[in-house]
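Novice: Okay, handing you the structure first.
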Amino acid sequence: MLRNHTIKGLFWSFLERIGQQGVQFVISIILARLLLPEQFGMIAMLTIFMAIAQSFVMSGFGSALIQKQDTSHLDECSIFYFNILAGFFVAGTLFLAAPWIAAFYRIPLLAPLTRVLSLNLVINAFGVVHTALLTKRIDFKAQMKVSFVATALSGSIGVALAYNGYGVWSLVAQSIGSNLFRTALLWVFLPWRPTWIFSLDSLRSMFSFGSKLLFSGLLESIYNNLYLIVIGKLFSATDLGYYTRAQQTQQLPVENLSSSVDRVIFPVFSSIQDDKERMKRGLRKSLSALAMVNFPLMIGLAVVAKPLVLVMLTKKWLPCVPYLQLLCVVGLLYPFHGINLNALIALGRSDLVFRLEIYKKAMITAMIFITYRWGIVAMIYGQIATSIIAYYINSYYTGKLLSYPITEQIRDFAPVLGLASIMGCGVYLAGYLSVQSATMLLLSQVSIGVVLYVFLCSLTRISSFMEIVSMAQEKYQSIHHRGRYF
């Protein structure tokens, strides 16, 4: 029963992420054709400040609400009102700090941009509890509907404004519209409503767990976006625009995959936190499934980067190609970081997560300091090195607490990495086909890659692949069986 519930949750979670991010990616492609790299770069300069502020709004209590198995309405209402107060306070702080942010980058336009974007913090605060409750119920079907509609509506607004010459403000309008529609729809799809009750004792009961996640999330927000602030400060807004475009393209598959799995794994692992053997089995299956999807995606994306940029973004974005290819190497291990940390959080060991984050962030700081003087490409090579080391650090306590060390993890995903590498070689050789059109070349390489990878997985009978095939066959037989009675 738990397996079916988990698989169902994974299915809807993945659809929700793919639906939202897929629509968002299409919209971003249209916007990239209408706007300049410099305008995307200006928004990217503010990303770190918005991310830090959003971490305070989230405050770790949303995850605490998911992790705690016996939450009450009083707990939910207390977190709800706390998040709203935090949202107004942090938004006000960011509003006042806007002139200093603009002075830091020496771009006056950033001051009004920051002040308008701070509205997102207040808007998001009203949906934190709703999102946590839906996630706890593993109800990603409702979240899929919310995300898809919100993204489509806000994207339409952004495109319309960009087409009519509003420039960077079209990106601001899209951001605010997305959060506003999403929060409003969460209230429509989830019948939960707060009542006028509040308890500091209730907050304190979850503070120990939530506060550690707050500081871990704060560190994560700072260091996930630290490269943006360094590149924005040391290089031009146009250079930052190229980097962020490459980063967003790389993160579309890897972030969707990782986030979909993480959001299901956390509540499921939390429900079986007392059975470590089951957690280990679940972790192993999840890691193998992640590898089977993520490795071919990242390797394939790196190989087809140039024709993809030409077809999707036009020639003006070609300087982002080497950044995209290197970032795909960074993305190879990205989902494995999160799944190991989610296992620790589900075990209630947010203290270990916080400790690991400190170690990793110190390493990232040192790597940036070493590489920045040689340019953006050198900084991405530094990211590759830190990703490898961070994976070892993240899996250290998983090995100790669940007896699933990094050596076993590598042994589980190494065969898939080998098959994905062979597929990558085939796609690379397909790039020498005498095809005049970049669109036809891209379609040919993608088609060859998909067919070759499926063939290799079938030939070697990779366990995770065979499980997916078996599930697909069961679903088909179920649909076919029902169809016979109509």
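The values are calculated or read from the model by the stated rules, or taken from the named source; none is laboratory data. Computed from a prediction, not measured in an experiment: that's the story for all the values here. In this analysis, Cβ positions are derived from the backbone assuming ideal geometry, glycine residues included, and neighbour counts consider all displayed protein chains. SASA here: full protein model, heavy atoms, side chains in, ligands and nucleic acids out. Shrake-Rupley method; radii C 1.70, N 1.55, O 1.52, S 1.80 Å.
Novice: Can you confirm whether the range 403-420 contains a residue that is touching a helix residue (DSSP H, G or I) at 6+ places or on another chain (Cβ under 7 Å), among the small types (Gly, Ala, Ser), surrounded by fewer than 19 Cβ atoms within 10 Å (Cβ to Cβ) and closer than 22 Å to GLY300 by Cα?
Specialist: Checking the range 403-420: not a single residue is touching a helix residue (DSSP H, G or I) at 6+ places or on another chain (Cβ under 7 Å), among the small types (Gly, Ala, Ser), surrounded by fewer than 19 Cβ atoms within 10 Å (Cβ to Cβ) and closer than 22 Å to GLY300 by Cα.
Novice: Something else now. Within the range 225-232, identify whether any single residue is in contact with an Asp or Glu (Cβ under 7 Å, 6 or more places away or on another chain), modelled with pLDDT under 90, of a type in the set (A, V, I, L, M) and in a helix (DSSP H, G or I), and answer yes or no.
Specialist: No: zero hits.
Novice: Same structure, new question: Quick check, is TYR432 in contact (Cβ under 8 Å) with a residue 40 or more places away in the chain and either under 22 Å from ARG284 (Cα atoms) or open to solvent by 50 Å² or more (accessible area, probe 1.4 Å) (or both)?
Specialist: Criteria not met by TYR432.
Novice: Specify which of the listed residues (ILE380, ILE358) is open to solvent by 10 Å² or more (accessible area, probe 1.4 Å) and within 22 Å of the chain's Cα centre (by Cα).
Specialist: Checking each option against the conditions leaves just ILE358.
Novice: Moving on. Determine which single condition ARG182 fails, assuming it passes every other condition in (1) more than 24 Å from ALA237 (Cα to Cα); (2) touching a Gly at 6+ places or on another chain (Cβ under 6 Å); (3) at pLDDT 90 or above.
Specialist: Against the list (1) more than 24 Å from ALA237 (Cα to Cα); (2) touching a Gly at 6+ places or on another chain (Cβ under 6 Å); (3) at pLDDT 90 or above, ARG182 comes up short only on (2).
Novice: Looking only at the range 149-158, decide whether some residue is without any contact (Cβ under 8 Å) to a residue 40 or more places away in the chain, in a loop (DSSP other than H, G, I, E, B) and closer than 30 Å to TRP317 by Cα.
Specialist: No: zero hits.
Novice: Could I ask something else about it? Just give me the residues in the range 234-244 being among the hydrophobic types (A, V, I, L, M, F, W, C) and open to solvent by 20 Å² or more (accessible area, probe 1.4 Å), in sequence order.
Specialist: Matches in the range 234-244: LEU234, PHE235.
Novice: Within the range 245-254, does at least one residue satisfy the condition of being at pLDDT 90 or above, open to solvent by 20 Å² or more (accessible area, probe 1.4 Å) and assigned to a helix (DSSP H, G or I)?
Specialist: Looking through the range 245-254, at least one residue is at pLDDT 90 or above, open to solvent by 20 Å² or more (accessible area, probe 1.4 Å) and assigned to a helix (DSSP H, G or I).
Okay, residues lined up against (1) surrounded by fewer than 20 Cβ atoms within 10 Å (Cβ to Cβ); (2) within 22 Å of the chain's Cα centre (by Cα):
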position: ALA91; (1), (2): no, no
position: LEU94; (1), (2): no, no
position: ALA97; (1), (2): yes, no
position: ILE101; (1), (2): yes, no
position: TYR105; (1), (2): yes, no
position: ALA111; (1), (2): yes, no
position: ASN120; (1), (2): no, yes
position: ASN124; (1), (2): no, yes
position: LEU133; (1), (2): yes, yes
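Novice: Exactly one of (1) closer than 20 Å to LEU226 by Cα; (2) open to solvent by less than 30 Å² (accessible area, probe 1.4 Å); (3) out of contact with any Gly (no Cβ under 8 Å at 6 or more places or on another chain) is unmet by ALA346. Its number?
Specialist: (1)
Novice: Closer than 19 Å to MET379 by Cα and of a type outside the set (D, E, K, R): is that true of LEU326 in this structure?
Specialist: Considered against the rule, which asks whether it is closer than 19 Å to MET379 by Cα and of a type outside the set (D, E, K, R), LEU326 comes out as yes.
Novice: Take ARG182 and decide whether it is charged (D, E, K, R), open to solvent by 60 Å² or more (accessible area, probe 1.4 Å) and in contact (Cβ under 8 Å) with a residue 40 or more places away in the chain.
Specialist: Judged against the criteria, ARG182 is a match.
Novice: Follow-up question, since we're still on this one. Considering only the range 79-89, I want to know if a residue exists there that is open to solvent by less than 30 Å² (accessible area, probe 1.4 Å) and closer than 30 Å to GLN39 by Cβ.
Specialist: Yes, there is a match, as at least one residue in the range 79-89 is open to solvent by less than 30 Å² (accessible area, probe 1.4 Å) and closer than 30 Å to GLN39 by Cβ.
Novice: Could you tell me which numbered condition MET423 fails, if it satisfies all but one of (1) surrounded by fewer than 21 Cβ atoms within 10 Å (Cβ to Cβ); (2) in contact with a helix residue (DSSP H, G or I) (Cβ under 9 Å, 6 or more places away or on another chain); (3) assigned to a helix (DSSP H, G or I)?
Specialist: (1)
Novice: Same structure, new question: List every residue pair whose Cβ atoms lie under 7 Å apart, where the two residues are 6 or more positions apart in sequence or sit on different chains, the first residue falls within the range 90-113 and is in contact (Cβ under 8 Å) with a residue 60 or more places away in the chain, and the second residue, located anywhere, is part of a helix (DSSP H, G or I) and open to solvent by 30 Å² or more (accessible area, probe 1.4 Å).
Specialist: Note: pairs meeting the criteria are TYR105/LYS233.
Novice: Let me ask something else about it. Looking only at the range 261-310, which residues are outside any helix (DSSP H, G or I), surrounded by fewer than 20 Cβ atoms within 10 Å (Cβ to Cβ) and at pLDDT 85 or above?
Specialist: Residues satisfying the conditions do not exist here.
Novice: I would also like to ask the following. From the list ALA152, ALA184, exactly one residue is farther than 30 Å from PRO108 by Cβ, within 20 Å of the chain's Cα centre (by Cα) and not β-branched (Val, Ile, Thr). Which is it?
Specialist: Answer to the selection: ALA152.
Novice: May I ask you to list pairs of residues, at least six apart or on different chains, whose Cβ atoms are under 7 Å apart, with the first in the range 65-77 being assigned to a helix (DSSP H, G or I) and the second being modelled with pLDDT under 70?
Specialist: So the pair list comes out as ILE66/PHE266; ILE66/PRO267; ILE66/SER270; GLN67/PHE209; GLN67/SER270.
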